[in-house]
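See below for the structure under consideration.
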Amino acid sequence: MDFKITDNKDDMDIDAIHGFISQSYWAKDVPKSVMIKAIENSLCFAVLAVDTSGDEIQVGFARLITDSATFAYLADVYILEEYRGNGLSKQMMQQIIDHPQLQGLRRIMLATRDAHGLYEQYGFTELTDKKMFMQLWTPDVYSQTS
């Protein structure tokens with residue numbers, strides 16, 4: 001099986017992305033409409049498995065919220081478990097780091113519970129001055145009723 005990584009949103013399987021992200025620890029129960037809006041307003045990357053007949057299956061994803069000038073936030077990064085161990089996360093991260101729209105940024109941030117080793121390979125470090133950063137955090141926003 002071959003793999004390709006693309007930033008062409010037309011190649012992305014929104015149902016597959018939402019299916020994974022809505023079950024993740026970081027965005028449990030995110031509504032599909034919110035995921036669609038997030039994708040529309042982000043620079044996204046898809047990892048696609050291409051079988052011998054040319055059919056493509058979405059096996060990974062990442063998106064960056066960015067102004068393309070000074071800052072980006074990396075979010076929603078995943079590779080399906082059955083495709084891990086093939087170097088796909090590293091290939092995707094390299095394409096992200098090399099993407100023309102992300103060159104010259106002052107800061108790229110992310111939050112992760114369990115993939116520090118991956119991101120460290122691309123120069124990410126822990127915050128050096130945690131007191132400088134603040135957040136407005138509503139972790140249960142997707143489960144709140146309107």
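Note on Val50 and Lys9: their simple-model spin labels are 2.3 nm apart, each label 7 Å out from Cα toward Cβ. Taking every DSSP beta bridge that has both ends in the chain, the antiparallel portion is near 85%. Whole-percent P(r), the range 1-61, all Cα pairs, 5 Å bins from 0: 4, 19, 27, 25, 14, 8, 3. Within the shell defined by Cβ-Cβ distances under 15 Å, the residues around Tyr122 carry a net charge of -1, with Lys and Arg each +1 and Asp and Glu each -1.
Taking every alpha-carbon pair under 8 Å whose residues sit at least 6 apart, the chain reaches a relative contact order of 20 percent.
Solvent-accessible area of the range 65-146 (1.4 angstrom probe, protein heavy atoms only): carbon and sulfur portion equals 49 percent.
Average accessible surface for the chain: 64 Å² per residue, computed with a 1.4 Å probe over protein heavy atoms with every protein chain in place. Computed with the Debye formula from one identical point scatterer per Cα of the range 51-96, without solvent, the log10 of I(q)/I(0) at q = 0.20, 0.29 Å⁻¹ comes to -0.75, -1.11.
Which distance in Å, rounded to a whole number, links the C-alpha centroids of the range 87-109 and the range 18-50? Taking the Cα centre of each part, the range 87-109 and the range 18-50 sit 18 Å apart.
The values are calculated or read from the model by the stated rules, or taken from the named source; none is laboratory data. Quick caveat, the model's predicted, so the values are computed rather than measured. Heads up, the Cβs are rebuilt from the backbone with ideal geometry, glycines too, and the neighbour counts pull from every protein chain shown. The area values use the complete protein model at the heavy-atom level, side chains included, leaving out ligands, DNA and RNA. Shrake-Rupley method; radii C 1.70, N 1.55, O 1.52, S 1.80 Å.
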